[in-house]
Number of protein chains: 2
Amino acid sequence: MSHTTGVRQAQKQKTRQALLDAGLRLLAEQSLSSIGLREVTRLVGVAPAAFYRHFRDIPDLGVALVEESLGSLHGVVRAILAEQPDAEERIDRTVAVVEHFVRENPAHIRFIARERHGGVRAVRRAIAAELARFADEVAAALREQPVSDGWSDDDLLMLAEMYVDHLVMTASALLDAADDGDTAARDRLAERARRQLRLISLGRRHWKD
Amino acid sequence: MSHTTGVRQAQKQKTRQALLDAGLRLLAEQSLSSIGLREVTRLVGVAPAAFYRHFRDIPDLGVALVEESLGSLHGVVRAILAEQPDAEERIDRTVAVVEHFVRENPAHIRFIARERHGGVRAVRRAIAAELARFADEVAAALREQPVSDGWSDDDLLMLAEMYVDHLVMTASALLDAADDGDTAARDRLAERARRQLRLISLGRRHWKD
DNA sequence: CCATTCAGTAAACATCCGTTCTCCGACGCG
DNA sequence: CGCGTCGGAGAACGGATGTTTACTGAATGG
C-alpha cells in the first residue's frame with residue numbers, strides 16, 4: 001500500500017497555501033500590482049527563490065487567488081438561491097447570507113472587489129470569467145421561479161448580471177463599514193440593500209408589459 | 001498695473017497639469033499604489049525632485065486626480081438629469097450620454113473604477129465622498145419628478161445610489177469593451193444597460209404598495 | 001534696477017527589488 | 001539500502017526606487 005505517499009506533495013501544498021494566504025493578507029492594504037514577491041516570501045518565512053517553485057510571478061499568484069476566492073463564493077450563491085416561496089423572505093435571507101459571508105471571508109471579497117477593475121489584466125479577465133459563470137448559474141435558477149414565465153434567456157441573463165453586480169457592490173460596501181468598525185453604517189447598508197432588492201423584485205413582477 | 005502677473009504661476013500650473021496627465025496615462029495599465037514617483041516625472045521630462053514642488057507623494061497626486069476626474073463627471077450627471085418627459089426617451093438619452101463620455105474621457109473613468117476599491121485609502125475616501133455628493137444631487141433631481149410623489153428622502157437616496165453605482169459599473173464595462181476594440185460587445189452592453197434601467201424604472205413606478 | 005523668491009536641476013544616499021545560480025538534505029521509489 | 005528527485009536555502013547581481021542636499025537662473029515686486 002502507498003500509505004506514506006504524499007508527504008512531499010503535502011508539504012509543497014502547505015507552502016503554496018501559505019503563499020496564497022500571505023498574498024491575501026498583503027492585499028488588505030495594497031493592490032496586487034504593487035505587491036512584491038519578496039514581501040510575500042518574507043511574510044511566509046521562506047527564501048525569495050522558493051516562490052518560483054509555486055508561481056511564475058505575482059500575477060500568476062493573483063489568478064490562483066481568484067479561483068480560491070470565488071470558489072468560496074459558490075456556496076454563497078447556492079445558499080441564496082435556495083428554494084424560498086416568499087419573495088420578501090428570500091430578500092432577507094439573501095442579505096443575511098451576504099452579511100455572514102463578509103464577516104467570515106473579508107479578505108476574499110476585498111480581493112475580488114479590488115482587483116475586478118485592478119491593474120493586472122490576467123486577474124481582471126479571470127474574475128470577469130468567473131463572475132460570468134455565476135451570472136449564468138443565477139440566470140438558470142431564476143428561470144425556475146414562476147415569476148419568470150415568458151422571460152427570454154437574454155432578459156434573464158441581464159437580470160442575473162444585475163444581481164451579481166449588486167451582490168459584489170453590497171459585499172464590498174459592507175466590508176468597508178466593517179473595517180471602520182462602524183456597525184451602524186453596516187446595518188444601514190444592509191437595509192439599503194434589502195430595499196434595492198425589493199425595488200428590483202417589483203420591476204421584475206411588472207416586466208411583462 | 002499688474003499686467004505681467006502670473007507668468008511664473010502659469011508655468012507651475014502647466015507642470016502640475018503635466019504631472020497629473022502623466023499619472024493618468026500610467027494608470028491605464030497599473031494601479032495607483034504601484035506607480036512610482038520617478039516614473040511620473042520621467043514621463044513629463046522633469047527631475048524627480050521637482051515632483052515635491054507640487055505633491056507630497058503619489059497618494060496626494062491621486063486625490064488631486066479624483067477631483068479632476070469627478071469634476072468632469074458633473075457635466076455628465078447634469079446632462080442626464082436634463083428635463084425629459086418620456087421615461088423611455090430619458091433612458092436612451094442617459095445611456096447615450098454615458099457612451100459619449102466613455103469615448104471622450106476614457107482615462108478618467110478608468111481611474112475612478114480602478115481606485116474606487118483600490119489600495120490607497122485616501123483616494124478611496126475621496127472617491128466615496130465625491131460619489132456620495134453625486135448621489136445627493138441625483139436624489140434631489142429625482143424628487144422633482146412626478147413619479148416620486150410620496151417617496152421618503154431615504155428611499156430617494158437609496159434609488160439615487162443605485163443609479164450612481166449602475167452608472168459607474170456601466171461606464172467601466174463599456175470602457176473594457178472599447179479597450180478590446182469590441183464594438184459588438186459595446187453595443188450589447190449599452191442595450192443591457194437600457195434594459196436594466198427600464199427594470200428599475202418599472203420598480204419605481206410600483207413602489208407605492 | 002536690484003534683492004528676493006522659488007520652480008526645476010543634478011548628484012548622491014541607502015534601500016529594496018526580481019531574478020539567477022549553486023548547493024543541500026529530506027523524501028520517493030525500486 | 002541506495003540513488004534520483006526536488007522543495008527550499010543562501011548569496012550575489014544589476015538596476016530601480018524615494019528622499020535629501022546644494023545649486024541655478026529666471027520671474028517678481030518694491
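Points to keep in mind about this one:
- Residue within region A:63-86 that is surrounded by 15 or more Cβ atoms within 10 Å (Cβ to Cβ), touching a residue at least 24 places away in the same chain (Cβ under 8 Å) and not in a helix (DSSP H, G or I) present: yes
- Enumeration of residues in region B:173-189 that are hydrophobic (A, V, I, L, M, F, W, C) and more than 17 Å from residue A:132 (Cα to Cα): B:175, B:178, B:184
- So residue B:125, is it modelled with pLDDT of 95 or more and more than 14 Å from chain A (Cβ to nearest Cβ): no
- Among (1) assigned to a helix (DSSP H, G or I); (2) within 16 Å of DNA strand C (Cβ to nearest atom) - the single one residue B:56 does not satisfy: (1)
- Exactly one residue out of B:202, B:156 is in contact with a helix residue (DSSP H, G or I) (Cβ under 7 Å, 6 or more places away or on another chain) and at the interface with chain A (Cβ under 10 Å from one of its Cβ atoms): that is B:202.
- Of the helices (runs of 4 or more DSSP H) lying entirely inside region A:121-209, those containing at least 3 residues that are under 30 Å from residue B:28 (Cβ atoms) span A:121-144, A:153-179.
- Subset of region B:6-53 that is within 14 Å of chain A (Cβ to nearest Cβ) and near DNA strand D (Cβ under 8 Å from one of its atoms) - its residue that is nearest to residue B:105 (Cα to Cα): B:35
The values are calculated or read from the model by the stated rules, or taken from the named source; none is laboratory data. Nothing here was measured: the structure is a model prediction, and the numbers come from that model. When we count neighbours, we look across all protein chains shown, and the Cβ atoms used for this are built from the backbone with ideal geometry, even at glycine.
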